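In what follows, a single structure is set out as structure tokens and then discussed.
The values are calculated or read from the model by the stated rules, or taken from the named source; none is laboratory data. Remember, predicted model here, so these are calculated numbers, not experimental data. Counting neighbours? That spans all protein chains shown, and the Cβs are built from the backbone with ideal geometry, glycine included.
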Amino acid sequence: MGGGEFDWLTRFRRLVRDYERLPETVAGLHLLAFAMLLLKRFVDLLGKVINTL
């Protein structure tokens, strides 16, 4: 593994340490963080596509 695979975790400080007791809560927070990052990439890509039209 390289150093960049889990850099996104550091953007969401709450995910760096395990503050939650329920594993479902931690899994949900990880899913939310991942979805936010994917949405940002999608919006950036969509902006590039629109600018080329």
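Here are a few things to note about the model shown:
- Helices (runs of 4 or more DSSP H) lying entirely in the chain (those with 3 or more residues that are on the phi < 0 side of the Ramachandran plot and at pLDDT 90 or above): 23-52
- Subset of the stretch 44-53 that is among the hydrophobic types (A, V, I, L, M, F, W, C) and surrounded by fewer than 10 Cβ atoms within 10 Å (Cβ to Cβ) - its residue that is nearest to the chain's Cα centre (by Cα): Val49
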